[in-house]
Structure formats: structure tokens, C-alpha cells
Amino acid sequence: MPPAQKETIQQLQKKVLELQGFKNTPIGSGERFGLGALELCFPHATLPTGTIHEFIAENPEQIAASEGFISGLLAKLMEAGNACIWISKNRRLFPPSMQKFGVNAQNIIFIDLHREKEILWVMEEALKCEGLAAVIAELPDLDFAQSRRLQLATEKSHVTGILLRKEPKRQSSTACTVRWQIKPQPSQLPEGLPGVGNPNWEVSLLKVRNGQTGSFLIQWAEDHFAPFAITTIDDIPFTKQVG
């Protein structure tokens, strides 16, 4: 392939990725989320923002683990001081607990609704508000057309959307950019010390548009994510990492 043609294709691929929410962020710019090798699964090795993320939680334990992990992501998304909206039907999240993950719950607007149709409508409208850091919605299921509307809204506003699918009734195909599953793992305490250790999770990337899937062990250490080992990763030959 001629060099000029190859360069044209690379530029087109870069434009497509940027339109899908994958921006080429320089290392050291402060945009990374501290997820270690997990972020290498994403295009440009950076967790995409300004797009829709989908979390699958099949039981109460996974729901609680997902809420903790999402709180850690919000700490980064909200560090500029922008507000966040959290929409739900049967919310079980205890807002003060988010302080553990560096999130001030006073900057989150909680909206509790009665019908899933209302949750989707409010999320779509909220995603059009460019001043928000993120919009989170809890609901079990949605179809491809509904998820596509959400994705189109966030592509215009560049607001990050998060769908927490609690105990989904079906495995539906969606237009979301990343599909996650967070499973709790036993915490670890320094030898001889009492109490409860830092949250540990098995974080699985079930789908990454233009990226790679894989599973990782991640913990929350005081005020940041700390990847301490890799369990498996599909298609990429990584070695074990401790840190």
C-alpha cells in the first residue's frame, strides 16, 4: 500500500474513533483513570468518556460491587466540579458511602422514578446537558433502539452515560461502547490489623468497541484504583503485574 494511501486510512480511522468517543489523550495529561493494564484494552489506551458504558449486575452482590466501582470512575469524571445525575426506580445506594471513593454526594442529583420508560426518557434528556459530568441510570433491560438513542445523545454533548443493568431479564444487544461486569472479591488486611480491607473486584470487559476484552483484579486503595494482578485477558499477551 502506498504511504500516502496508508496515512489517509489512518487519519480516517482516527476520526471515526474520535466520533465514537475514543480520543487520543497524551500520556501524563491526567485523563487516565489509574486502571493500569485494563486501560490498554481501549483504543488509545484510555478509558473512553463522552459515550455510553453498560454494567451488567446479575445479583445483589454484583450490584453493590458495580456501584462502588462506578463511584471510583465518578471521582475522576467529577474532579472538575461538574454535577452528576443518578436516576433509579428502586435505589439502594447509600450516598454518604460514596465519600469512600472520593465523591461528594452533594454534587449528585438523585432522581427516583416509578417507571422504566420514565428513566430512559430522563436519561436521554439529561445526556443533552453539556454541563454535566455524567448521567447514571439503573434499569434491568433496554433494546438496541433505546440504547442507540442514548448513544446519539452523548455523542453530541460528550457527557458520559452509565447504564447499571440490575438483574437483567435478557441478554440484549445494545449500542453501548463498553460492557462491564464487576464481581466482588475478598478484601485483604495487613497482617494483625482488624477491620475491613479495601474493596477488591474482578473487573471483566465483556465488550469493547474497537478494543479488546479481558478480566482483571482491581482494588480501591484509599483514594485511587490499584490494579494488583491480571487474571485473564483475551487476545493480548500481558504478564502478571503487581503494584
Tally, over the stretch 88-141, of residues that are among the β-branched types (Val, Ile, Thr) and assigned to a loop (DSSP other than H, G, I, E, B)
1
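Could you look through the stretch 95-115, keep only residues that are charged (D, E, K, R) and more than 21 Å from the chain's Cα centre (by Cα), and pick out the one that is modelled with the lowest pLDDT?
115
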How many of the residues in the stretch 216-228 are in a strand (DSSP E or B) and either open to solvent by 20 Å² or more (accessible area, probe 1.4 Å) or at pLDDT below 90 (or both)?
7
Hey, any hits in the stretch 130-137 for a residue that's in contact with a His (Cβ under 8 Å, 6 or more places away or on another chain), of a type in the set (D, E, K, R) and over 26 Å from residue 201 (Cα atoms)?
yes
Of the numbered conditions (1) surrounded by fewer than 15 Cβ atoms within 10 Å (Cβ to Cβ); (2) at pLDDT below 70; (3) polar (S, T, N, Q), residue 20 satisfies every one except a single condition; which is it?
(1)
Counting just the residues of the stretch 43-59 that are part of a strand (DSSP E or B) and within 10 Å of the chain's Cα centre (by Cα), which one comes out surrounded by the most Cβ atoms within 10 Å (Cβ to Cβ)?
52
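Here is a yes/no grid of residues against (1) crowded, with 17+ Cβ neighbours inside 10 Å; (2) touching a Phe, Trp or Tyr at 6+ places or on another chain (Cβ under 7 Å); (3) modelled with pLDDT of 90 or more; (4) among the acidic types (Asp, Glu):
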site	(1), (2), (3), (4)
145	no, no, yes, no
156	no, no, yes, no
179	yes, no, yes, no
189	no, no, no, no
196	no, no, no, no
Verdict on residue 64 being under 21 Å from residue 46 (Cβ atoms), among the hydrophobic types (A, V, I, L, M, F, W, C) and open to solvent by 50 Å² or more (accessible area, probe 1.4 Å):
no
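The values are calculated or read from the model by the stated rules, or taken from the named source; none is laboratory data. Everything quoted here is computed from the prediction, not taken from an experiment. Counting neighbours? That spans all protein chains shown, and the Cβs are built from the backbone with ideal geometry, glycine included. Accessible surface is based on the protein model in full, side chains and every heavy atom, while ligands, DNA and RNA are left aside. Shrake-Rupley method; radii C 1.70, N 1.55, O 1.52, S 1.80 Å.
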